[in-house]
Every structure is written in C-alpha cells, then in structure tokens.
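*Asks:* Sharing a structure with you now.
The values are calculated or read from the model by the stated rules, or taken from the named source; none is laboratory data. Being a predicted model, the structure only gives us computed values, none of them experimental. Cβ atoms come from the backbone with ideal geometry, glycine included; neighbour counts cover every protein chain shown. For accessibility, only protein heavy atoms count, side chains too; no ligands or nucleic acids. Shrake-Rupley method; radii C 1.70, N 1.55, O 1.52, S 1.80 Å.
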Amino acid sequence: MAKVLMKGNEAIGEAGIRARGLCYFCYPITPQSEVAEYLSKRMPEAGGVFLQGESEVAVSNMLYGAAGAGVRCWTSSSGPGISLMMEALAYIAAAELPVVIVNIVRCGPGLGGILPSQSDYRQAVKGGGHGDYQCLVYAPASVQEAVDLMPLAFDRAERYRNPVLIIGDGMIGQMMEPVEFKEHKFPPLPPKDWATTGCKGRKPNVVNSLYLDPYAEEKLNLRMVAKYEKMKKEEVRCEEYNTDKPYQALLVAYGTTARICRTAIHKLGEEGIHVALLRPITLFPFPRQRIYELAQKVDWVMSVEMSTGQMVEDVELSVRCEKPVHFFGRTGGVVPAPEEVVEAVKKQLGAGKGGQA
Amino acid sequence: MKTIFKRPEALAETPTHYCPGCTHGVAHRLIAEVLDELGLRERTVGIVPVGCSVLAFNYFNFDCQEASHGRAPAVATGIKRGRPDLIVFTYQGDGDLASIGMAEIVHAANRGEKFTAVFINNAVYGMTGGQMAPTTMPGQVTTTCPAGRDVEQVGYPIRMCELLASLRTPGFVERVAVHQPKYIIKAKRALKKAFQYQADNRCFSFVECLSTCPTNWGLTPLKAVQWVDETMIPYYPVKNFKSPETEGEGDAD
Amino acid sequence: MQTEVVFAGFGGQGVMLAGKILAETGMGLGKEVVWLPSYGPEMRGGTANCTVIIADEPIASPIVVHQRDSVVMNRPSLEKFVPKMRAQGYAIVNTSLIQVKSERDDITVVDVPANKIAIAAGTGKAANMVMLGAYVGATGIVPFDALLEQAKHVFQKKPKSIPVNVKCLKEGYKLGQAKGK
Ligand SMILES: Cc1ncc(C[n+]2csc(CCOP(=O)(O)OP(=O)(O)O)c2C)c(N)n1
Ligand code: SF4
C-alpha cells in the first residue's frame, strides 16, 4: 500500500479500525481530540461503534462493560482524562479484561498545559490505579510505529487478558509523517469463554473483581503476577542506535525524546564523541537486561526525558546501581533541543575526566 | 460630570482572549457589575472551570480557584461549608456542567448548597475545538457529530434549568440570554437575584446564560446572534423556573 | 541531505496548508518527511507555524532549533524565525505585509509581494501559494511539476479554486527562481 501523510492522532484512529478495534469510546481532550474527530466520521463507515461519553469516568467504565462482554474496544485521552480512568483501569486489570488505552501525554500535574510531555511515565508504568497490577505499556517514537503498535496492542491485550497502554507524547499525536498500514498477522487468540455473552449452553460467567476471601484474592494476584513475569520474558521490545561501534556513553530515551537523542548523537559523532542509545519500546516490561549489558562498556548512563526524571529510576534499577545514572530533561511542555542533549553529554564527559584527574 | 460607563471594580483591566462575538465577556461583566452593586466583591470567591473561560481568574478582580473539569460545584461546596460567610459562585460551560460535571451540579443543587452557579450554554465544547456537548442542538454539526447531532443515537439536548427545577429542594433557577441588549438587562436582574439569595443565605441559585460560540458554530458574530434567537431560544425557553418562594414545588412551567 | 523549513504567519494565512503540500510533494518523491505544527492554547487569530523536514535518510529529531529556511508571511514571524536560521539558508519574505528588512547578510532573502500577486490573480487567500511557489523556485527543494500536481490534488475538493492557486504557485515560482539560485 502506498504511504499517506497523516497526523499521528488520525493515523492512530485509522490503525485502531484496521486492527478491528471497532468499538471506541471517548471524551474530548487536547492534544488527542483528533482521534475522536477522525473516528466520528470513520467508525460509522467501518460499521463500528463511536460514542462520546459524558466523562472519562464513564468512558473507562464503558470499556469495562464492553470488554467484559467480549468486545474489542479502546479509547484515547490525555493526562487529566487518563487520571479519571484510573479507577476503572484497576477494575479492568483485576477482572483481567483486554482494553487498549492511548494516552497522548500533555504536561502536568493538574490541568497543566497541552504541550508534549512524558510526565505520565510513572502513572502508566508503576500503577496509577490502586492495587497489585501492571499494564503492558508501549511507547512509539514515530507515527508509523504508533500505527504498527496498535494491532500488537490489541493482540497482546487479548492474549494476556490485560489492559495495554500506548503512551505517545503530544508530538506523536500532532505531527504528520508518512504512514503505511501494513497487514499484521498473529497466531489465533484463545477464545473469550469468560465473557458475559449470554449463558446459553454453558454455566453463567461473571466479570468481577471482588474477592472477600483473602486466599482467593491472593490467588488472583499471583496469577496476574505470572502474566507479568511472562511479559517480562516475552514482550520486551527496544531499539538500539550506535551500539555496534565503541561508545563512550549510553543514553536511554523513549518516544520523541529518543529521536532528539539520535540527532544529538549524530552531532556528537561529528565532534568525535561516540555515544550510543537504547530506546525502550515497551516501558513495561522494561528492557532491563539489555540496558545492563550495554552499560558494561561505559562509565555512566544518562536517561533523557521530557519530565523531571521518572524513567531514570528504572534505568538505575536496570544497571543495578553499579554505575552512575545521570538525568537530563526538560519539562512543562518544553521539548529538549538536540543541542541541549549534546551539551549535557559533553558536560558529563568533562566532569568524568575532571574526576579522574 | 457624571460617569455613565466605567469598568466595574470586580473586573480586572486585562483584555480577554475570547474570540470576536463571543459572549463569555458579557457574562463576566454582568457578574462583576452585580458583585459591585451588592458590595460583595471583597468576600467573593469565584470558581473557574476547564473550558474557554479557564483563564477567567485573570479577568475577575477578586479571589478565584481553578477547579478540575466539571467539579466546580464540589469545590464551591467545600468552600461554602467551611466558610459560609464567603460569597461563592461557579462559572461553568455546558461540557463542564452538563456533561462531566452533571453529578456534582445535581447533588449540590439537591443539597441546597448556598452558592451561585452561572452556567454558560453555548451548545458546544468551545476550548477543545467544537465537539458535541450535551446541549448541542438536534442536527447541529460539530467535530464529533459531523453528520449533525442524531437524537436517536445520543438523545436530545439536556435542559439543565428544567432538570434542576424538578428537584424538591428549594432554589432559584432561571434561564437568561446574553447575546442581545434586551436580554442582557434581564440577565443582569436574574444574576443580581441569584447573588442576593446567596447573600441572604436563602438557597442554591442557578442562572443559565444562552451564549454564542461563533468560532465553533462556523458563523459570523451577527449570524451567531440570530442562531441563538432562532434555534436555541425556542428549545431553551428564557424564563424563571423556580424561586425559593415557590417552595420546591418543582413546577417546570 | 536534510532540509528544514518553517512556514509562519497569522492564523488563517494558510501556512499550515502550504507546509502540508510541500511535505506531501516530498513524500510522493520517496523522501522522508515530517510536518510538525506549533500547537498551543486556543489563540485564534494569533500566529501559526509549522516545520517541514525533507530528507533522504530517516528523520531523527522532529524538533529543529536552527532551521535552514523560512517562509514568513507576517512581521512577527520574520522577527521570530529568521534570526534562528542557519547561514546559507533561504528566507522567503512576504513584503506585502512586512516592511522591515532582516539584518542578516549570510542568508538569501527573497522578497515576494505575495498578497499583491494573489489579489491580482483573483484572491488574496492564495498568498500562501505564491510564497510556496517562490520557496520551491528559490531552493529547488522539489521539482516544480511535482509540487503543481500535489497542489492540484489537494484542491480537487474545490475544483473552482484550482486555477487561481496554480496561477499563484507559478507566479511565485518565477519570482523565486529569478532571485534564488
Ligand atoms: C478530565 C478532563 N477531560 C477533558 C478535558 C479537556 N477539556 C478542556 S475544556 C473542555 C470542555 C469545554 O467546553 P465547555 O465546558 O462547553 O466550555 P466552553 O469552552 O464552551 O466555554 C474539555 C473537554 C479536561 N481538561 N479534563
Ligand atoms: S471558542 Fe467559542 S466559547 Fe471559546 S472564546 Fe471562542 S467563541 Fe468563545
């Protein structure tokens, strides 16, 4: 298929439809309203469901209901709206329902601003809702990757019976890049024999997260943990840049920030400074092992983020605190320029030399 | 020399960011005039919403709090319960009040919270770029109902005054319009009553202002005024729905 | 090779569309492209700008601090974006609305009375196409034929507007070619 130039938000909408995510609930919020606006036109054409709910609280519970009835469903939102979905997300995780939630992250906390940010990392990766649960979290770095991750997200949500989050900063939603909607093939999915589809010919199914018996709750918790362990083994995705040559420093960055780092690395290379990059594509599970291995060749690692430093903690854990992990970031909707990353790396390299002398 | 027109003290000197032909500014001014006339400015706290008027705290010259989307009535309740001596009002759009904040406004009204809610009904989500609101008119085109509001799918526009007037708890509920001078005079009278009831510690008060959003309606300011007259007012009758005097009969006629 | 150009002007001057047509033309030629809008709180009637990047290699950072070229349609845009340009870049300046001159002597400035030309061609609204034509004329960043084809394709929905937009692109192109390379 020929490439088309599309805005990230619209491309995500189209990718959702092509991944047969034909049931979409939403509530408007900048910078992702174009997903909803696009789908308000496209969904009826595709024979799917488009509904604007009265709030994100309602939307997330619509997802709970639809997913519980075995329907492939999804939504998109941004910070303040995602926060309102956290209650339902905890219920969705506990009831082990497959749901895809796209968060086009804006800066916060509170109402914050509508400019790009990566400040919802902790909310996405460490919980956000209450209780012992994890979401599988993907972080695309381009419109094409966002489009490619949508079908994967639906597949994994249903395969693991677990919510999947796609975290894109505001730029992924707003920029236009050429995209190609490829065919994605997956092995057959397990039947949804747990869904509330009417009990004709079988025992009634119940979608529930209430466990008054502590042993039953513990059993659920452990079953969920087993899923997360499996994800850690099988679902880690990351991309490397410049790791095939000798390098003096290792950067870790995801989403648009990783692209900014690549330009910075290119500029540093022109000055004879060799730096490598690891870009996590899954934020949970986190590419811990690979970061550990890559960190063996350098004195320090740097996490570069559009936040005040959230992923940096996971990078520290990845290198098992054996090496210093530095942080560089801009926040509040300010996007770091490649030149700033160059400076931060040089400063750190200089500091390292000073320390040795 | 007699001054016949001046900026109310309760209005700051900051120029607003509203689009040409938007009536948010008119509503701000009326509130400011009323607060000045009733001498309430220095003990007023305004709760501004998430919507185009999100920066209203810059335009008012009294204390304000910014609420999260739809929650202004709960924030107002907190203030009013903790400090009953303060004069508290919420200023909310139709997405804010009638969609995401529906629970908060209904319960605040039902508890008879003694604050004033000013409800700006412009039949659309303004700030986020013109999506459908619960108040969007049947057939009206918005960015999330490109084929026009289909009442079979999403129901009819919500009439907030009628809904709140049906509550047994006494209150003051009136719908006004702020798009034309003859309506503006009445609007001011209603707002003044609303704040007076609050100052007298009488009841919850609610004033719905039919407003314009030329930008998202895709109309010129002049055509937008006409649209309020021809499309909104026939569906949203401009009148008083309830006064504490009618003692909660909930008569919506 | 990677070229970045900022299109900037008032909201309503069509800078976003001009940028989009350029990006689509580049894509049609098999190049890597990014179109990045400025997006901010609803400030209607304020300034609008977008950055277009056209490259042979996959594009890393979509954010550029020092773009090579600028197409500026009003004075605030000139003041904001021309100082950020790299040396040897091209600045296409709408002299119908911008009376001041840039002080830079290390870039190529192409003066284009875009509104005047567009009004003469039939509608002031097509000033963005004059600017786009001039930019392509001055830089040769994409073949003009490809640009024309793409523009026609974009205006297909409003066939009546095609002739005037094509005329504006051509007029702009001539000016750009004469003053550019
Ligand atoms: C929880 C949450 N969801 C969504 C938004 C995005 N949002 C900002 S303003 C707004 C609605 C504005 O419409 P309205 O209340 O009608 O006021 P208007 O702008 O028309 O004055 C929305 C949905 C938000 N800020 N927070
Ligand atoms: S978008 Fe509508 S409601 Fe918002 S300021 Fe403009 S006219 Fe007013």
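*Asks:* Anything in the range A:306-334 that is in contact with a Gly (Cβ under 8 Å, 6 or more places away or on another chain) and closer than 17 Å to residue A:347 by Cβ? List them, or say none.
*Replies:* A:309, A:327, A:329
*Asks:* What number goes with the only condition from (1) open to solvent by 10 Å² or more (accessible area, probe 1.4 Å); (2) closer than 25 Å to residue A:122 by Cα; (3) not hydrophobic (A, V, I, L, M, F, W, C) that residue A:266 does not pass?
*Replies:* (2)
*Asks:* Return only the number of the condition from (1) closer than 14 Å to residue A:248 by Cβ; (2) in a loop (DSSP other than H, G, I, E, B); (3) touching a residue at least 40 places away in the same chain (Cβ under 8 Å); (4) open to solvent by 20 Å² or more (accessible area, probe 1.4 Å) that residue A:332 does not satisfy.
*Replies:* The single condition residue A:332 does not satisfy is (1).
*Asks:* Determine whether residue B:116 is touching a residue at least 40 places away in the same chain (Cβ under 8 Å), farther than 30 Å from residue A:40 by Cβ and surrounded by fewer than 19 Cβ atoms within 10 Å (Cβ to Cβ).
*Replies:* Considered against the rule, which asks whether it is touching a residue at least 40 places away in the same chain (Cβ under 8 Å), farther than 30 Å from residue A:40 by Cβ and surrounded by fewer than 19 Cβ atoms within 10 Å (Cβ to Cβ), residue B:116 comes out as no.
*Asks:* If I filter the range A:30-53 down to residues being more than 7 Å from chain B (Cβ to nearest Cβ) and open to solvent by less than 30 Å² (accessible area, probe 1.4 Å), which single residue comes out as nearest to ligand 2 (Cβ to nearest atom)?
*Replies:* Ranking the qualifying residues of the range A:30-53, first place goes to A:31.
*Asks:* Can you name every one of the strands (runs of 3 or more DSSP E) wholly within the range C:14-88 that holds 2 or more residues which are open to solvent by 20 Å² or more (accessible area, probe 1.4 Å)?
*Replies:* Counting at least 2 such residues, we get C:47-55.
Table: residues versus (1) within 13 Å of ligand 2 (Cβ to nearest atom); (2) within 15 Å of residue B:64 (Cβ to Cβ).
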site: B:5; (1), (2): no, no
site: B:22; (1), (2): yes, no
site: B:28; (1), (2): yes, yes
site: B:34; (1), (2): no, no
site: B:48; (1), (2): no, yes
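*Asks:* Looking only at the range C:137-155, how many residues end up being over 15 Å from the mean Cα position of the chain (by Cα) and over 19 Å from residue C:121 (Cβ atoms)?
*Replies:* Here is the first cut: in the range C:137-155, the residues over 15 Å from the mean Cα position of the chain (by Cα) are C:145-146, C:149, C:152-155.
Next cut, over 19 Å from residue C:121 (Cβ atoms) only: C:145-146, C:149, C:153.
Selection size over the range C:137-155: 4.
*Asks:* Right, another one. I'd like the full set of residues that are among the aromatic types (Phe, Trp, Tyr) and part of a strand (DSSP E or B), limited to the range B:157-190.
*Replies:* Within the range B:157-190, just B:172 meets the criteria.
*Asks:* Next question, about the same structure. It is to be established whether one or more residues within the range B:172-182 are within 16 Å of ligand 1 (Cβ to nearest atom) and open to solvent by 10 Å² or more (accessible area, probe 1.4 Å).
*Replies:* yes
*Asks:* Ok, one more. Just to be sure I understand, how many residues within the range B:31-55 are in a helix (DSSP H, G or I), within 16 Å of ligand 1 (Cβ to nearest atom) and not polar (S, T, N, Q)?
*Replies:* Residues that pass the stated criteria total 4.
Let's see how each residue does on (1) in contact with an Asp or Glu (Cβ under 9 Å, 6 or more places away or on another chain); (2) more than 10 Å from ligand 1 (Cβ to nearest atom):
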| position | (1), (2) |
| --- | --- |
| B:106 | no, yes |
| B:109 | no, yes |
| B:120 | yes, no |
| B:138 | yes, yes |
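*Asks:* Within the range B:67-75, does at least one residue satisfy the condition of being open to solvent by 30 Å² or more (accessible area, probe 1.4 Å), modelled with pLDDT of 95 or more and within 16 Å of ligand 2 (Cβ to nearest atom)?
*Replies:* yes
*Asks:* Let me ask you something else. Considering only residues that are within 14 Å of another protein chain (Cβ to nearest Cβ) and open to solvent by 10 Å² or more (accessible area, probe 1.4 Å), which ones fall in the range B:152-168? I'd like the intermediate steps shown before the answer.
*Replies:* Of the range B:152-168, the ones within 14 Å of another protein chain (Cβ to nearest Cβ) are B:152-155, B:157-158, B:160, B:163.
If the condition is that a residue be within 14 Å of another protein chain (Cβ to nearest Cβ) and open to solvent by 10 Å² or more (accessible area, probe 1.4 Å), then B:152, B:153, B:154, B:155, B:158, B:163 are the ones that fit.
*Asks:* Take the residues in the range C:103-161 that are farther than 17 Å from residue C:13 by Cα, touching a residue at least 60 places away in the same chain (Cβ under 8 Å) and polar (S, T, N, Q); name whichever of them is surrounded by the fewest Cβ atoms within 10 Å (Cβ to Cβ).
*Replies:* In this case the residue turns out to be C:108.
*Asks:* Within the range A:288-317, work out how many residues are free of Cβ contacts under 8 Å to residues at least 60 places away in the same chain and in a helix (DSSP H, G or I).
*Replies:* 12
*Asks:* Still on this model: Are any residues in the range A:53-80 closer than 22 Å to residue B:127 by Cβ and over 23 Å from the mean Cα position of the chain (by Cα), and if so, which ones?
*Replies:* A:53, A:54
*Asks:* Return the residue satisfying two criteria in turn: it lies in the range B:191-238 and is hydroxyl-bearing (Ser, Thr, Tyr) and either outside any strand (DSSP E or B) or open to solvent by 10 Å² or more (accessible area, probe 1.4 Å) (or both), and of such residues it is nearest to ligand 1 (Cβ to nearest atom).
*Replies:* B:211
*Asks:* Still on this structure: Count, please, the residues in the range B:82-101 that happen to be within 14 Å of chain A (Cβ to nearest Cβ) and assigned to a helix (DSSP H, G or I).
*Replies:* 7
*Asks:* What is the residue count in the range B:5-38 for residues that are open to solvent by less than 10 Å² (accessible area, probe 1.4 Å), over 14 Å from the mean Cα position of the chain (by Cα) and among the β-branched types (Val, Ile, Thr)?
*Replies:* The qualifying residues number 1.
*Asks:* Select from the range B:136-145 the residues that are within 12 Å of chain A (Cβ to nearest Cβ) and open to solvent by less than 50 Å² (accessible area, probe 1.4 Å) and write down the one among them that is farthest from ligand 2 (Cβ to nearest atom).
*Replies:* Checking each candidate, the answer is B:145.
*Asks:* Right, here's the next one. Here is a check on your reading of the model: is residue B:119 hydrophobic (A, V, I, L, M, F, W, C), within 16 Å of ligand 2 (Cβ to nearest atom) and closer than 26 Å to residue B:36 by Cα?
*Replies:* It is true that residue B:119 is hydrophobic (A, V, I, L, M, F, W, C), within 16 Å of ligand 2 (Cβ to nearest atom) and closer than 26 Å to residue B:36 by Cα.
*Asks:* Please work out which residue is farthest from residue B:101 (Cα to Cα), limiting yourself to the range B:135-173 and to residues that are of a type in the set (A, V, I, L, M) and out of contact with any strand residue (DSSP E or B) (no Cβ under 9 Å at 6 or more places or on another chain).
*Replies:* Only one residue fits best here, namely B:147.
*Asks:* Are any residues in the range A:208-262 aromatic (Phe, Trp, Tyr) and touching a helix residue (DSSP H, G or I) at 6+ places or on another chain (Cβ under 6 Å), and if so, which ones?
*Replies:* Answer for the range A:208-262, where residues must be aromatic (Phe, Trp, Tyr) and touching a helix residue (DSSP H, G or I) at 6+ places or on another chain (Cβ under 6 Å): A:211, A:241.
*Asks:* For residue A:215, state whether it is hydroxyl-bearing (Ser, Thr, Tyr) and open to solvent by 90 Å² or more (accessible area, probe 1.4 Å).
*Replies:* Yes, satisfied.
*Asks:* Go through the range A:68-118 and give me each residue that's of a type outside the set (A, V, I, L, M, F, W, C), part of a loop (DSSP other than H, G, I, E, B) and more than 14 Å from chain B (Cβ to nearest Cβ).
*Replies:* Residues satisfying the conditions are A:70, A:72, A:96, A:98, A:117, A:118.
*Asks:* Please work out if residue A:21 is closer than 27 Å to residue A:224 by Cβ and assigned by TED's automatic domain parsing to the domain that holds residue A:144.
*Replies:* Here the answer is yes, as residue A:21 does meet what is asked.
*Asks:* Taking the options A:144, A:123, name whichever one is among the polar types (S, T, N, Q), in contact (Cβ under 8 Å) with a residue 12 or more places away in the chain and away from every other protein chain (no Cβ under 14 Å).
*Replies:* One residue alone meets the criteria, A:123.
*Asks:* Between A:105, A:100, A:71, which is open to solvent by 20 Å² or more (accessible area, probe 1.4 Å), at pLDDT 95 or above and closer than 24 Å to residue A:160 by Cβ?
*Replies:* Only one candidate qualifies: A:71.
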